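Coordinate-derived values only; no laboratory data. All values derive from a computational prediction rather than experimental measurement. Cβ placement follows ideal geometry from the backbone for every residue including glycine, while neighbour counts extend to all protein chains displayed.
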Number of protein chains: 2
Amino acid sequence: MTRTPQPDPDQAVRSRPPLDGFWAVVPAGGAGTRLWPLSRRRAPKFLLDLTGSGRTLLQGTLDRLAPLTGGGALVVTGEAHRDAVLDQLDGLAPDDVVAEPSARDSMAAIGLAAALLERRDPDAVMGSFAADHVITDEDAFADAVGAAHAAARDGWLVTIGIEPTHPATGFGYVRPGDELPGLAARRVVEFVEKPSADVAAGYVDRGYRWNAGMFVVRPTVLLDLLAEQDAAFAAALRAIAAEPASLAEVWPTLPRIAIDHAVAEPAAAAGRVAVVPGRFGWDDVGDFASLGELLGAGGRPGTADAETPGVVVLGDRSLVRSVGSTGLVVPAGGRTVAVVGLEDVVVVDTGDAVLVTTRARAQEVKSVVAALQEDGHDELT
Amino acid sequence: MTRTPQPDPDQAVRSRPPLDGFWAVVPAGGAGTRLWPLSRRRAPKFLLDLTGSGRTLLQGTLDRLAPLTGGGALVVTGEAHRDAVLDQLDGLAPDDVVAEPSARDSMAAIGLAAALLERRDPDAVMGSFAADHVITDEDAFADAVGAAHAAARDGWLVTIGIEPTHPATGFGYVRPGDELPGLAARRVVEFVEKPSADVAAGYVDRGYRWNAGMFVVRPTVLLDLLAEQDAAFAAALRAIAAEPASLAEVWPTLPRIAIDHAVAEPAAAAGRVAVVPGRFGWDDVGDFASLGELLGAGGRPGTADAETPGVVVLGDRSLVRSVGSTGLVVPAGGRTVAVVGLEDVVVVDTGDAVLVTTRARAQEVKSVVAALQEDGHDELT
């Protein structure tokens, strides 16, 4: 897809026509344990406004996709969150939200959406995008999806490879190969797991891209690729789509496997996966360190000022008092939060729990959640 | 006063007879701003249990003095706190709590108590002890008060000089001179202000003692010493005692001055102050750093353990989750407080405010309170 330059990028997105037969598939799962106590089992990450935009991550995901699809979307979520998802998404009909009876990893979730779309629209191209990621340049995102859509119509399983801004160790990578004639895409040589820092630096040097788990593909192509690896799995998904009443019975029999392992990696090995470049800001907001970075918590260490120049606030800034501190403060409990003399601190206040950590140790928050669960404090997790 | 050795120090205190004519005078004032948000204007430091003993600092002060006085005590506090003081102290009659119409510093508060006692008991010896200090060896405290009482009966203004455990810069010092024949006391050469670190080290080397603001004296001696400096002041205090109904009218005319400057320093210069050694643990619990130290927050840095070995907890320990952290946590808001990867941290959770700081920066908490007051958030201070 080529674009005429436009003066206003937002206007550019809005003025594009939707992509032919394009459907958004949005898996909305994952507890976001490392974002506790903001994220809870009953109010997971995707249901929260983590950017202060006034929209939750789920809403932001659908907002971003709506101009590209013209409105067609399937959200796949846990039964416990079905009502909350419908509440947050005015434009969706009850049939557009698929409730998983239990969590069975991404192949079952995305595969079921593919099977449903295969019946709804024989010309469908689906794009699968997690409900809890943050993307900052929507115009560049639309470019990438447009290019992926074109390649998917040609029968490719297409992933969007994010151009790395740094040698991240928290993401998997995609290794691009030959250009594909007539498409703004390359063949994928392989997907690789989260690397060590040294290995990551080498990946970035050699042009690898971050694997953001975004797949664009015709539903039939996806299910046929799955069938090559696990014919029964693909058949079971198609059987549920043909007879939705069988969901509760069939679902528990499906394998627990990620789409990456079930389809993307074997298909890449067979030379059947394409990658288009994603030149937009992307983050999976895995923990408070990345949330702080996203919100601009660069910090000016040692700044002694009562007007909170050094901490970034997610929420009501008037509740935060900061003296000589940098980091991230989330005053979500309605209380005043005062931070004095701490650098790179993370303070999250909620109605029943307060977390204090540092950006460097933010990953370890999950051990607190694990300990609370072990001790039977389910009401807090 | 000499004592027969006793096997059980607590038993020793309990089995001593009260000191003849001895009255406790307890000024209960001061906001404890550096202990915000635990300490508030409406619930200042002396009304709080800061040691986890189940008794507030005020109660602990009276508990400690009761065996020495046989029960006689006057508490001088602000009008706003009169009812709370009476609620906390079962043994006191309404007449034993003197309510200051406004804060006018320690000379007016202690001087009024002296004037009242002068009329109640011509043989009285009064001992003035702040309501918000912590003392750890009650038997040694009783020894010191006994020695001070003996010197006071001989007409001295007596202070208890605490033997320093380190060259503190946060306290004033007393310089002891010649021994006084027949008394376990020395003449005071001078009182000196809070020193720099270098100067403090010199003081400790030369046998100076901490000035804990504890004075033991006959009321008439105290008022007569005051009269030598400011006859009108002493006369006004005696006039209020003679006609308590005049309190509201006379009180606002009294000078705002500390007893140290009004009486102790000039009397020391005149060779009329004695010091007895205080060989007990003493702390004025000025901020969360000293509170943490008092509660044993030595800390084992880097201890990664979910069972909070590294943080000291004031309050319900089951509310605190600590991973690889040291410092002090006060879960006074009923919420779970999780601390991950911070050394020497101070976290204080209350119903309407959360404080996060470090032991090194704990003094700066007062700037948060000042900022809140400036912004009109009196409900939080």
- request: Taking 7 Å along the Cα-to-C-beta vector as the label spot, tell me the B:A371-B:D87 distance in nanometres, rounded to one decimal.
  value: 3.2 nm
Isotropic mean projected area of the C-alpha convex hull, the stretch B:243-290 (nm²): 6.8 nm²
statement: With +1 on the Cβ of every Lys and Arg and -1 on the Cβ of every Asp and Glu, the dipole magnitude of the protein assembly as shown about its Cα centre, in debye rounded to the nearest 20, is 600 debye
- line: For B:G278, other-chain or 5+-apart residues with amide H closer than 5 Å (H placed, Pro excluded) are B:G161, B:I162, B:E163
statement: Ranking A:P122, A:P277, A:Q373 by how far each Cα lies towards the positive end of the charge dipole of the protein assembly as shown (+1 on Lys and Arg Cβ, -1 on Asp and Glu Cβ), the top one is A:P277
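To the nearest whole number, what is the average tally of beta carbon atoms from other chains within 10 Å of the beta carbons of peptide A:320-326? Numbers along the way, then the final one.
On the way: counts 0, 10, 2, 7, 4, 4, 0.
Neighbouring Cβ atoms belonging to other protein chains average 4 per residue here.
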task: If a/c stays under 1.5 just call it rounded; otherwise compare a/b with b/c (prolate if a/b is bigger, oblate if not). Do that for the stretch B:325-381, with a ≥ b ≥ c from the square roots of the Cα gyration tensor eigenvalues.
output: oblate
- request: Hey, can you grab everything whose amide H is under 5 Å from the amide H of A:V354? Only 5+ residues off in sequence or another chain; H modelled, so Pro and N-termini drop out.
  value: B:T336, B:V337, B:A338
statement: At R0 = 41 Å the Cβ-Cβ FRET efficiency linking B:R42 and A:D137, nearest 0.05, sits at 0.20
message: Restricting to Cα pairs below 8 Å that are 6+ residues apart, what does the relative contact order work out to for chain B? Please round to a whole percent.
response: 18 percent
task: Measure out, as a whole number of angstrom, how far apart the alpha-carbon centroids of the stretch A:112-133 and the stretch B:98-156 sit.
output: 82 Å
Residues whose placed amide H lies under 5 Å from that of B:A28, excluding near-sequence neighbours: B:V76, B:T77
query: In degrees, nearest 10, range 0 to 90: what is the angle between the Cα axis of helix B:219-229 and the longest Cα principal axis of chain B?
result: 90 degrees
task: Note the distances from A:D316 to each other copy's matching label point, with points 7 Å along the Cα-to-beta-carbon direction, in nm, sorted shortest first.
output: 2.4
message: Taking R0 as 41 Å, what FRET efficiency do you get between B:E249 and A:D352 from their Cβ-Cβ distance, rounded to the nearest 0.05?
response: 0.20
statement: Per-residue average of other protein chain Cβ atoms inside 10 Å, peptide B:362-372 -> 4
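Place a +1 charge on the Cβ of each Lys and Arg in chain A and a -1 charge on the Cβ of each Asp and Glu, then give the dipole magnitude about the Cα centre in debye, rounded to the nearest 20. The partial results should precede the final answer.
Numbers: 33 positive and 52 negative charges, 74 e Å.
Magnitude of the dipole: close to 360 debye.
So what is the relative contact order for the stretch A:296-380, in percent, with contacts set as C-alpha pairs under 8 Å and at least six apart? Please report the intermediate quantities before stating the final value.
On the way: 178 pairs, mean separation 16.9, N = 85.
With pairs under 8 Å counted, the relative contact order is 20 percent.
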task: Could you tell me how many degrees, from 0 to 90 and to the nearest 10, lie between the Cα long axis of helix A:231-242 and the main elongation axis, the longest principal axis, of the Cα atoms of chain A?
output: 90 degrees
query: Which whole number gives the average count of other chain Cβ atoms within 10 Å of the Cβ atoms across peptide B:348-359?
result: 6
message: At 7 angstrom along the Cα-to-beta-carbon line, where would the label on B:G170 sit relative to the other copies? Give the distances in nm, shortest first.
response: 3.8
- request: Quickly estimate the mean residue ellipticity at 222 nm for the protein assembly as shown, helices only: each DSSP H run with n ≥ 4 gives -39500 (n - 2.57), and the total goes over all residues, rounded to 500.
  value: -9000 deg cm²/dmol
query: By per-residue mean of other Cβ atoms within 10 Å, what is the highest-first order of A:327-340, B:127-140?
result: A:327-340, B:127-140
- request: Determine ³J(HN,Hα), in whole Hz, for all residues of the stretch A:205-210 in sequence, where each value follows from phi through the Karplus function 6.51 cos²θ - 1.76 cosθ + 1.60 and θ = phi - 60°; x replaces Gly and Pro.
  value: 4, 8, x, 5, 10, 5
- prompt: If we hang a label 7 Å off Cα along the beta carbon direction at A:E379, how far is it from the matching labels on the other copies, in nm, shortest first?
  reply: 2.6
